[in-house]
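See structure below.
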Amino acid sequence: TTYFQNADVIFRFTFDKQWLKEQLPSVNLTANYLASLISSEGAVGGAGYYVERPTRVEYDGVSQGHVVDAFRRLALLNSIAGDEASWKKYNGLADLVESYFRKKFWQGDQYAEYRHPDKGFIAGHGLTDVDWTALATGIASEEQKLILWPRLKNEAGFYYNRMPTGIAT
């Protein structure tokens, strides 16, 4: 996902459409590989952005949000380059993952941290970086934001030595 996100940042810094058109075939090829990791229901396979113990072998919550963000950015880049078919494809993938995440990862007042192949959705860690990711990437629904934000902003469990550096409470 960082490959797409970096292309987006470079383009937003330069607004160089020629550069963008030269890079998009490579970025789209990478996106097509990432798309192959998405289940038919919309879950992005694989672990998170850091090493977990035990390793997450199925569907990590942080990954879901960043994949949606990356596909939305890539869809916009393709639209700017005049490729409406790719815009539609990547926006559709983002919608699919977002819908799955909102419905399946939501556990009533927070998001699950991940989906384990045998144990299902794991949400017993308290609030986590998945909850922050859902807000930061814009994939939480309005109703979910209203429930989640007051809990996140007031949660002292994220603080270590008065610094909000914890990833789970």
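Numerical summary
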| read-out | value |
| --- | --- |
| Residues whose placed amide H lies under 5 Å from that of F121, excluding near-sequence neighbours | H116 |
| Assigned charges on the beta-carbon of Lys, Arg, Asp, Glu; the stretch 93-162 dipole about Cα centre (debye) | 100 debye |
| Solvent exposure of the chain as accessible area per residue, Å², 1.4 Å probe | 55 Å² |
| Trypsin sites (Lys or Arg not before Pro) within the stretch 37-128, DSSP loop, no more than 14 other Cβ atoms inside 10 Å | K119 |
| Helix 17-35 axis, angle to the chain major axis (alpha carbon atoms, nearest 10°) | 50 degrees |
| Rounded to the nearest 20 debye, dipole of the stretch 54-101 from Cβ charges on Lys, Arg, Asp, Glu | 80 debye |
| Reach of K119 by Cα under 19 Å, taken over lysines that are not fewer than 8 positions away in the same chain | K103, K104 |
| All lysines inside 20 Å of K17 as judged from Cα atoms, apart from same-chain residues fewer than 8 positions distant | K88 |
| Accessible surface of the stretch 54-169 [probe 1.4 Å, protein heavy atoms]: carbon and sulfur percent | 53 percent |
| Extension gain (nm, one decimal) between I80 and Y160, 0.36 nm per residue minus Cα-Cα | 24.5 nm |
| Listed residues S36, S79 arranged by accessible area, highest first, probe 1.4 Å | S36, S79 |
| Debye, to nearest 20: dipole size of the chain, +1 on Lys, Arg Cβ, -1 on Asp, Glu Cβ | 120 debye |
| Ellipsoid equivalent to the stretch 78-169 - semi-axes via the Cα gyration tensor, in Å | 29, 17, 12 |
| Candidate values (1) 48, 37, 31; (2) 58, 36, 24; (3) 43, 36, 33, label of the one derived for Cα extents along the principal axes in Å | (1) |
| Percent RCO, i.e. relative contact order, over the stretch 1-151, from Cα pairs under 8 Å lying at least 6 residues apart | 22 percent |
| Furthest towards positive pole of dipole, Y3, T169, L37, structure part the chain, Cβ charges | T169 |
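The values are calculated or read from the model by the stated rules, or taken from the named source; none is laboratory data. In this text the structure is predicted, and so the values were computed from the model without any measurement. Methodologically, a virtual Cβ is constructed for each residue, glycine included, from the backbone with ideal geometry; neighbour enumeration extends over all protein chains shown. Note: accessible area is taken over every heavy atom of the protein model, side chains too, but ligands, DNA and RNA are not part of it. Shrake-Rupley method; radii C 1.70, N 1.55, O 1.52, S 1.80 Å.
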